[in-house]
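The values are calculated or read from the model by the stated rules, or taken from the named source; none is laboratory data. All figures in this text were calculated on a predicted structure; none of them were measured in a lab. Cβ placement follows ideal geometry from the backbone for every residue including glycine, while neighbour counts extend to all protein chains displayed. Each accessible area value is taken on the protein alone, full model and side chains, heavy atoms only, with ligands, DNA and RNA left out. Shrake-Rupley method; radii C 1.70, N 1.55, O 1.52, S 1.80 Å.
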Amino acid sequence: ERHPNHECQVYTGQAALTTAWVRDGGDPGKVPVVDWKKHIVVAAFAGQKPTAGHQIKISTVAIQAGENKFWDLYVIYKESEPTGMAAQVISYPSHVTRVSRVNTTGKVYFLKEGSQEASQIRARLKPR
């Protein structure tokens, strides 16, 4: 089963990434190698869609000082639907990317592009 629901994830270690990779049908021998001392992995999943052509894309990853001297991570994503005709096949759009590691004990926020919250904070964020 490949992320049948809309969700966003942060992976901070190889075990969690490997579990997700294999759960989604990836070859256990081809799990991406990440230098976890320097990076984390963020992922946005659009869930199950009835046709091809749907997309989800992480458009902004930024940090902002949060509570208790920790950094909060903001991930803004956008979704799009197919234009015109699309193959009648179930799809599971996703976007996974590696970003520089920050003090990950802060909060993580996933915000949909165009939402009121994303619009309100975008001006304050420093892209990473």
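Could you grab me the full set of residues in the range 25-34 that are exposed (fewer than 14 other Cβ atoms within 10 Å of the Cβ), in a loop (DSSP other than H, G, I, E, B) and out of contact with any strand residue (DSSP E or B) (no Cβ under 9 Å at 6 or more places or on another chain)? Outline the logic, then answer.
Step one: of the range 25-34, the residues exposed (fewer than 14 other Cβ atoms within 10 Å of the Cβ) are 25, 27-30, 32-33.
Narrowing further to those that are in a loop (DSSP other than H, G, I, E, B): 25, 27, 32-33.
Selection gives G25, D27, V33.
Taking only pairs six or more apart or across chains, which ones have beta-carbon atoms under 9 Å, a first residue in the range 50-69 that is over 20 Å from K112 (Cα atoms), and a second residue that is open to solvent by 30 Å² or more (accessible area, probe 1.4 Å) and not in a loop (DSSP other than H, G, I, E, B)?
Here the result reads A65/W71, each pair linking the range 50-69 to a residue that is open to solvent by 30 Å² or more (accessible area, probe 1.4 Å) and not in a loop (DSSP other than H, G, I, E, B).
Considering only residues that are in contact with a Ser or Thr (Cβ under 9 Å, 6 or more places away or on another chain) and outside any strand (DSSP E or B), look in the range 94-128 and name the one that is modelled with the highest pLDDT.
Within the range 94-128, the match that is modelled with the highest pLDDT is E113.
Please name all residue pairs, on different chains or six or more residues apart, with Cβ atoms under 9 Å, provided the first residue is in the range 1-14 and is hydrophobic (A, V, I, L, M, F, W, C) and the second residue is in a loop (DSSP other than H, G, I, E, B).
Taking only residues 6 or more apart or on different chains, the pairs are V10/T104.
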